[in-house]
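Only one structure is covered here, and it is reproduced in the block below.
The values are calculated or read from the model by the stated rules, or taken from the named source; none is laboratory data. Treat the numbers as computed from the prediction; the structure is a model and nothing was measured. Here the Cβ positions follow ideal geometry from the backbone for every residue, glycine too, while neighbour counts run over all protein chains shown. Surface areas here come from the heavy atoms of the whole protein model, side chains and all, with no ligands, DNA or RNA. Shrake-Rupley method; radii C 1.70, N 1.55, O 1.52, S 1.80 Å.
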Amino acid sequence: MGFGRHKDLARRPWRLSAKLLIVSSVATVIGFSAICASVMLDMRRGEEELARQTLENLASGIDADISRNVELYDLSLRAVASNMVMPELRDVSTTIRHLILFDHAATAKHFGAIQVFDAEGRLTIDASTLDPVPENRGTEEFFLAQRDDPDIGLFISRPTLHRGAYSIVLSRRITGDDGSFLGVVAGSIRFSYFHDLLGRLHLGPNDTITVLSRDGTVIMRTPFDLDVVGKNVGHLPGVIRVLSGTSGSFSGTAAADGIPRLYIWRDGTRPLVVLVGKPWSSILSLWRTEATRIGALVMALIVFVLAVTLFLAREIGRRAQAEDKLEELATTDALTGLKNRRKFDIEIDTEWRRGARAKMPLALLMIDADHFKSYNDTFGHQAGDQMLIGIAICISDSVKRAGDCAARYGGEEFAVLLPGCSAADAMRVAETIRLKVQEWSEASTVSIGVASLTPVVTVEWSALVTAADKALYAAKAGGRNQCVVATVPQLSLVA
């Protein structure tokens with residue numbers, strides 16, 4: 001019915017407001033969460049970048065120290081190898097030869113004495129003594145590498161026990177003027193150098209520093225592990241990447257302990273490459289703490305916002321229901337449950353305007369209870385009220401379209417508005433109502449006036465009410481318990 005449509009219109013703004021509030025709150029929560037997530041991701045990237053820069057600086061510092069010492073020692077080896085082919089060296093005494101060969105040689109507490117071996121691997125000259133103990137190193141790795149490859153240059157051996165101490169041996173080939181192999185000059189850098197260098201650093205519990213040779217052999221590792229030192233790991237994807245690039249970083253899991261780390265290396269083309277690793281758990285520990293704190297705050301805020309939103313939405317719904325109830329009370333007849341006169345006037349005005357725009361007919365039934373006053377006086381007001389309620393029920397049962405409006409017009413008079421109905425259609429509805437009332441109670445009958453007009457903007461809707469009223473009077477004058485339709489615009493009355 002028409003009232004149902006207006007009731008929906010009255011309620012809809014509040015419902016839309018509650019939905020808008022919920023949608024806005026959800027959108028705000030999503031937006032705020034996205035911003036927080038973006039900030040936390042930026043914080044994570046910042047922590048990663050800071051760790052990367054720190055590891056790069058650490059790797060650069062260690063690499064510079066190792067490279068400087070290796071280069072310094074290599075210069076001494078080159079000088080000895082070059083001087084060994086001087087013809088004049090054969091004619092000088094052992095003491096003078098020592099001065100010529102080793103006077104400018106690099107010396108340090110971690111450097112072993114430089115030794116010279118002939119083409120057969122026999123020790124001929126030792127920088128630490130004028131009378132070296134005879135020994136043959138012809139089967140050693142450093143000797144064979146120089147003998148078999150004229151172009152090998154500086155060779156750094158795997159970690160080995162050399163002259164009573166774990167060391168790496170550095171060697172250079174002695175080549176004659178004709179390109180022949182004349183022997184090897186070799187020296188060593190003790191592990192104590194690496195222990196001293198790396199021991200000065202303040203590292204995290206699972207931080208690692210690994211020194212690799214060009215073939216992927218682990219020269220040194222911190223934390224120190226004899227099972228790892230000297231092992232060739234050149235087949236591992238991470239090590240292959242390190243040895244094939246000048247510098248860079250990668251994320252990987254160590255084979256030794258299975259801990260995921262960020263690895264940084266500097267200048268993979270040097271004889272010894274420094275690879276520094278730091279666990280991701282350590283890099284992101286501060287970020288995880290902050291992310292957890294921020295996440296907890298955001299979740300608390302989200303819960304609060306959603307709780308407030310649901311509370312406000314519920315209150316808005318309650319207010320809408322209260323206003324609907326007030327609207328219903330203000331537009332409903334308390335006795336019959338039909339619309340009251342105020343609501344009827346609103347509905348007929350609305351439908352009249354709509355019909356004028358759409359050029360559709362609008363029908364009206366004016367219904368009056370026959371002999372109601374005498375019935376009320378005879379049987380009392382309660383019986384009269386029951387009669388009016390029964391007639392209202394019969395009217396409601398007969399008027400079922402959503403756009404129809406049944407109302408108590410006043411006293412024992414009722415009105416039914418039928419949008420889009422012709423006079424003939426309205427007459428059928430009127431007859432249905434009359435017969436239902438008659439069947440309901442033999443003591444109750446109704447007279448009905450029927451009118452149907454196609455509204456025009458130049459005519460007020462009161463013309464339709466007047467026509468239906470005249471038809472109602474005609475029905476009463478004609479003997480009651482009948483329906484009369486008004487002919488419009490002449491308003492001639494026919495039974």
The lone condition PHE155 fails out of (1) under 19 Å from SER82 (Cα atoms); (2) at pLDDT below 90 is (2)
Look through region 360-398, keep the residues that are part of a strand (DSSP E or B) and among the aliphatic types (A, V, I, L, M), and return whichever of them is surrounded by the most Cβ atoms within 10 Å (Cβ to Cβ).
LEU365
Working carefully through the options ARG241, ARG261, find the one that is in contact (Cβ under 8 Å) with a residue 40 or more places away in the chain and either charged (D, E, K, R) or in contact with a helix residue (DSSP H, G or I) (Cβ under 6 Å, 6 or more places away or on another chain) (or both).
ARG261
Considering LEU226, LEU284, which residue is among the aliphatic types (A, V, I, L, M) and within 21 Å of PHE191 (Cβ to Cβ)?
LEU226
Being open to solvent by 30 Å² or more (accessible area, probe 1.4 Å) and in contact (Cβ under 8 Å) with a residue 60 or more places away in the chain is the filter; apply it to region 29-38 and report the residue that is nearest to the chain's Cα centre (by Cα).
SER33
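For every residue, the table says whether it meets (1) open to solvent by less than 40 Å² (accessible area, probe 1.4 Å); (2) under 26 Å from SER192 (Cβ atoms); (3) in contact with a Gly (Cβ under 6 Å, 6 or more places away or on another chain).
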position	(1), (2), (3)
MET86	no, no, no
VAL92	no, no, no
ASP103	no, yes, no
THR107	no, yes, no
ALA113	yes, yes, no
PHE117	yes, yes, yes
GLY121	yes, no, yes
If ALA423 satisfies every condition in (1) at pLDDT 90 or above; (2) farther than 17 Å from MET366 by Cβ; (3) open to solvent by 10 Å² or more (accessible area, probe 1.4 Å) but one, which is the exception?
(2)
Looking at ARG261, ARG270, which one is among the basic types (Lys, Arg) and open to solvent by 50 Å² or more (accessible area, probe 1.4 Å)?
ARG270
Going residue by residue through region 272-284, is there one that turns out to be touching a residue at least 24 places away in the same chain (Cβ under 8 Å), closer than 16 Å to GLU56 by Cα and among the hydroxyl-bearing types (Ser, Thr, Tyr)?
no
ILE346: open to solvent by 40 Å² or more (accessible area, probe 1.4 Å), under 30 Å from THR458 (Cα atoms) and either in contact (Cβ under 8 Å) with a residue 40 or more places away in the chain or not charged (D, E, K, R) (or both), yes or no?
yes
First in region 223-237 and open to solvent by less than 90 Å² (accessible area, probe 1.4 Å), second anywhere and at pLDDT 85 or above and in a loop (DSSP other than H, G, I, E, B), Cβ under 7 Å, 6 or more apart:
VAL229/PRO159; GLY230/ARG158; GLY230/PRO159; ASN232/ASP215; ASN232/GLY216; VAL233/GLY216; GLY234/ASP215; GLY234/GLY216
Which of the strands (runs of 3 or more DSSP E) found entirely inside region 92-193 contain at least 3 residues meeting this: touching a residue at least 40 places away in the same chain (Cβ under 8 Å)?
115-118, 165-175, 181-190
For GLU327, indicate whether it is closer than 30 Å to ALA34 by Cα and among the acidic types (Asp, Glu).
no
If only one of ARG357, ARG341, ARG353 is more than 24 Å from LYS470 (Cβ to Cβ) and open to solvent by 60 Å² or more (accessible area, probe 1.4 Å), which one is it?
ARG357
